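The values are calculated or read from the model by the stated rules, or taken from the named source; none is laboratory data. Nothing here was measured: the structure is a model prediction, and the numbers come from that model. Neighbour counts are summed over all protein chains in view; Cβ atoms, including those assigned to glycine, are modelled from backbone coordinates with ideal geometry. In case anyone asks, the SASA skips ligands and DNA or RNA and just uses the protein heavy atoms, side chains included. Shrake-Rupley method; radii C 1.70, N 1.55, O 1.52, S 1.80 Å.
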Amino acid sequence: MVYTIPGIRFPAVPPICKCSDSTVNGDRRTPMSLFLRKDSSARKIVVSKSTHDSGSVLSTANAASDKVLVPGTGSNRSSTLAGLSETSDPASEDTQVLHDVDNQTMEADEKLIEETDQDLQSLPVDNVDGDQAPLEEISIPSKSNNADFTVRSIPPPGGGQRIYEIDPYLLNHREHLDYRYGQYRRMREAIDQNEGGLEAFSRGYEKFGFTRSATGITYREWAPGAMSAALIGDFNNWNPTADIMTRNEFGVWEIFLPHNADGSSAIPHGSRVKIRMDTPSGIKDSIPAWIKFSVQPPGEIPYNGIYYDPPEEEKYVFQHPRPKKPKSLRIYESHVGMSSTEPIINTYANFRDDVLPRIKKLGYNAVQIMAIQEHSYYASFGYHVTNFFAPSSRCGTPEELKSLIDKAHELGLLVLMDIVHSHASKNVLDGLNSFDGTDGHYFHSGSRGYHWMWDSRLFNYGSWEVLRFLLSNARWWLEEYKFDGFRFDGVTSMMYTHHGLETVFTGNYNEYFGFATDVDAVVYLMLVNDMIHGLYPEAVSIGEDVSGMPAFCIPIQDGGIGFDYRLHMAIADKWIELLKKSDEDWKMGDIVHTLVNRRWSEKCVAYAESHDQALVGDKTLAFWLMDKDMYHSMALDSPTTPAIDRGVPLHKMIRLITMGLGGEGYLNFMGNEFGHPEWIDFPRGDQHLPGGALVPGNNFSYDKCRRRFDLGDAKNLRYRGMKEFDRAMQHLEETFGFMTSGHQYVSRKDEGDKIIVFERGDLVFVFNFHWSNSYSDYRVGCLKPGKYKIVLDSDDPLFGGFNRLDHSAEYFTFDGNYDNRPRSFLVYTPSRTAVVYALAPDDSELVKSETEDENEAETSLECSF
């Protein structure tokens, strides 16, 4: 069911949303509202000062208020926003840039770190170029009824020197790294001096955009390029002269709208709003940059900003605490819109009720959700963001998204957000591009601000207000929606001025530390990780980096960038490379090298295939392996084919060895656990290219923009066996925790036999990649003595296997060095199988005793030298 008002169509929640007739309150008409309050009374907040003057500040306080900083005037940081300048020349004001690495010479400073403290004490406020606004502290009540009022602080920067102990090769690039860390420390100090600290700086959403107090609504927007501005919308019949905004010398526009005479809000909840500006590019109407919700009118392309402020009784209240961060991370990557088995855009509510229990049953402990931030182009997969603070309205209301996250927490699942701070949509009408009519507002101007491959705009991470916007954006999703962390998209593009395009990273350290590095972007990543981990120590931060940047996952105080995990992107590329070859050409050593080739002490999330491979025009692993046979040979009662007999076993083996050796975390894109047979084809029409060529569309069909979970559930299809194997993998890891074990040893990479044997934790993994050879009494090395039993067998009939192993068999170790292991045991390893062995439970005490004896012997040996 939907509620419809003129020009807006939005999926509604019947118990929450109620419509009423238009009303007139005083002299301000309220002809339409997406959601109208049942009770128009304002929130009860103690007001210390109020005024209707749009050029003065409204200071409010209550018992549960937070501190927030608002722009002051000039160098007097204790003044209020009353000093708005109406004589400033917008054309003379440049976008605030703290520094531009491309225009600086990175000179050596051997005593940089020792002198940093002294330098920071003397750092002047005007060291920040451009329109940085000094700030004062006032008290503003948090907008969220779910706010956590625990006083939090972000630790001060450390020395940043431990990276040289972790990786002595970095000493050759100390000049660059010390400069980078010095820039980070200077930025932290500047934020402390001018904003009251990173904690306050990252709460920009309490100052910018729409904020409501006991007496009215304040709207603020940073738009230094605009020459005039007015707030327009349904609430004032889109009259551009009714609510004129005033501007201070820092390019911040503001207006205060008092409540109506009857106490109701001047802007009804759910009504459409925009800001009209006279800019160097002409008159333009834009969605507010800090808008919390936006919707697309039927039959139109641009979105409309929505004033979203439901009454207290309609706000979702979280019931369940965040789960504790698991030691090993098993992530189910998902997209809410395409998560239905039906050809529709799915909703947050349906995902909550239907998909989350499925994820839990499969054994994953985290769900990573794509396309949360509003994006006007559905086929962008959520990566061309238009409204950074607004959840996608295609799938429902903000309250429904909160309900989804709360349900995940009830199930013990972390909820990670795929956050996009690497670029933004180039849309002008409903995005940030040319927001104030200039090319370099939120983004770099010229070619540096445009990503030619993604056709999108690139942020200027050296801009003070861009830092405020992005840091506040990350915190907004943590605070308001209770996300448990982020997967940062496109980090490689951020860290280098070449964005990783047409560049091959060989591992040479010169590729990471030089003029191609965007130090501004790296410093932003350090700041956002500082904020995330300082305020939420249990939060998870994952970076999508293909370059292998050293110290990427080292704590910031030690000199690193501060991510918890790096996505191990090379693995998926390696499997594609191998699947283009015949089985005879697969090199066991090459497979192992790719899986274990990661930086010491920096954790990785491994995955066998990416979500991009599921898109039309590309191929998933299952499609590489089985191609068209997936459409007519997957029924258990139908004849099989060579492609199916090869594809199903290898699909299971590839995924298990990726989890077994590839990292400290594992990720799967929804549907790939059972080899989803259909690609993703977003609804689209015909496209006419500039040269006249026609790219046919799909008649805006959603038929291929869904996930056929019913195929994995069907007992008569082979997809079910693949799904059950993936489930068994997850539960095996949950039981043994092998991904985060400190013990990992690869004892065999046999190119002739096509065998890989390795230990991880207390388990022994045996992979036979040979297409026809099975081996009896095959000897495999191991560390611990005792009786081993099979705990996972890819050849199990439950998983679509051929049942060639006896699961009741026991495998006893015998002493004697083999493959550099102190012990070994004999197994039968059928062709194209993966088998995992664990010590039998009744041998655990014996193993513990013998291992302790061995450790004592090793200690004695070490002491005797």
Single residue of M526, M495, M417 found to be touching a strand residue (DSSP E or B) at 6+ places or on another chain (Cβ under 7 Å) and farther than 27 Å from Q296 by Cβ:
M495
Of all residues making up segment 257-283, the number that are hydroxyl-bearing (S, T, Y) and over 18 Å from W238 (Cα atoms)
3
The one condition I571 fails out of (1) surrounded by fewer than 22 Cβ atoms within 10 Å (Cβ to Cβ); (2) under 30 Å from M338 (Cα atoms) is (1)
Conditions (1) part of a strand (DSSP E or B); (2) open to solvent by 60 Å² or more (accessible area, probe 1.4 Å); (3) of a type in the set (S, T, N, Q); number of the one not met by S747
(2)
Those residues of segment 291-307 which are open to solvent by 10 Å² or more (accessible area, probe 1.4 Å) and either closer than 19 Å to R220 by Cβ or assigned to a strand (DSSP E or B) (or both) amount to K292, N304
Does segment 419-427 contain any residue that is touching a residue at least 12 places away in the same chain (Cβ under 8 Å), over 22 Å from D545 (Cα atoms) and surrounded by fewer than 22 Cβ atoms within 10 Å (Cβ to Cβ)?
yes
By residue number, the members of segment 666-699 that are in contact with a Lys or Arg (Cβ under 7 Å, 6 or more places away or on another chain) and crowded, with 20+ Cβ neighbours inside 10 Å are Y666, M670, G671, E673, F674, H676, I680
Residues that are out of contact with any His (no Cβ under 6 Å at 6 or more places or on another chain) and modelled with pLDDT under 95, drawn from segment 377-392:
Y378, A379, S380, F381, Y383
Filter segment 711-734 down to residues that are touching a strand residue (DSSP E or B) at 6+ places or on another chain (Cβ under 8 Å) and either part of a helix (DSSP H, G or I) or open to solvent by less than 10 Å² (accessible area, probe 1.4 Å) (or both), then give me how many there are.
9
Which of the residues spanning segment 789-835 are part of a loop (DSSP other than H, G, I, E, B) and surrounded by fewer than 17 Cβ atoms within 10 Å (Cβ to Cβ)?
F802, N803, R804, D806, H807, S808, A809, E810, D819, N820
Basic (K, R) and over 30 Å from G534 (Cα atoms): is that true of K274 in this structure?
yes
Filter segment 532-561 down to residues that are small (G, A, S) and open to solvent by 10 Å² or more (accessible area, probe 1.4 Å) and give me whichever is farthest from I331 (Cα to Cα).
G534
Of the residues W238, W253, which is assigned to a loop (DSSP other than H, G, I, E, B) and either within 20 Å of K207 (Cα to Cα) or open to solvent by 20 Å² or more (accessible area, probe 1.4 Å) (or both)?
W238
Residues S860, S849: which one is at pLDDT below 95, within 28 Å of H731 (Cα to Cα) and open to solvent by 10 Å² or more (accessible area, probe 1.4 Å)?
S849
Within segment 595-637, can you find the residues that are in contact with a Phe, Trp or Tyr (Cβ under 7 Å, 6 or more places away or on another chain), at pLDDT 85 or above and open to solvent by 30 Å² or more (accessible area, probe 1.4 Å)?
K603
Output the number of the condition that D583 fails; it satisfies all remaining conditions of (1) free of Cβ contacts under 8 Å to residues at least 60 places away in the same chain; (2) closer than 30 Å to I755 by Cα.
(1)
For segment 487-531, how many residues meet the condition of being over 25 Å from the mean Cα position of the chain (by Cα) and open to solvent by less than 10 Å² (accessible area, probe 1.4 Å)?
0
Test P323 against the criterion of being assigned to a loop (DSSP other than H, G, I, E, B) and either out of contact with any helix residue (DSSP H, G or I) (no Cβ under 8 Å at 6 or more places or on another chain) or open to solvent by 20 Å² or more (accessible area, probe 1.4 Å) (or both), and give yes or no.
yes
In segment 462-474, is there at least one residue being out of contact with any strand residue (DSSP E or B) (no Cβ under 7 Å at 6 or more places or on another chain), open to solvent by 10 Å² or more (accessible area, probe 1.4 Å) and farther than 18 Å from G543 by Cα?
no
From the residues in segment 258-277 that are free of Cβ contacts under 8 Å to residues at least 60 places away in the same chain and of a type in the set (D, E, K, R), which one is least open to solvent (accessible area, probe 1.4 Å)?
K274
Might you check whether a residue that is within 30 Å of S380 (Cβ to Cβ) and more than 32 Å from the chain's Cα centre (by Cα) occurs anywhere in segment 749-763?
no
Those residues that are assigned to a helix (DSSP H, G or I) and of a type in the set (A, V, I, L, M, F, W, C), I need them from segment 333-374; list them, please.
A349, F351, V355, L356, I359, L362
Look at T658 and say whether it is part of a helix (DSSP H, G or I) and of a type in the set (S, T, Y).
yes
Looking at segment 363-382, which of the residues that are touching a strand residue (DSSP E or B) at 6+ places or on another chain (Cβ under 8 Å) and open to solvent by 10 Å² or more (accessible area, probe 1.4 Å) is farthest from M338 (Cα to Cα)?
N365
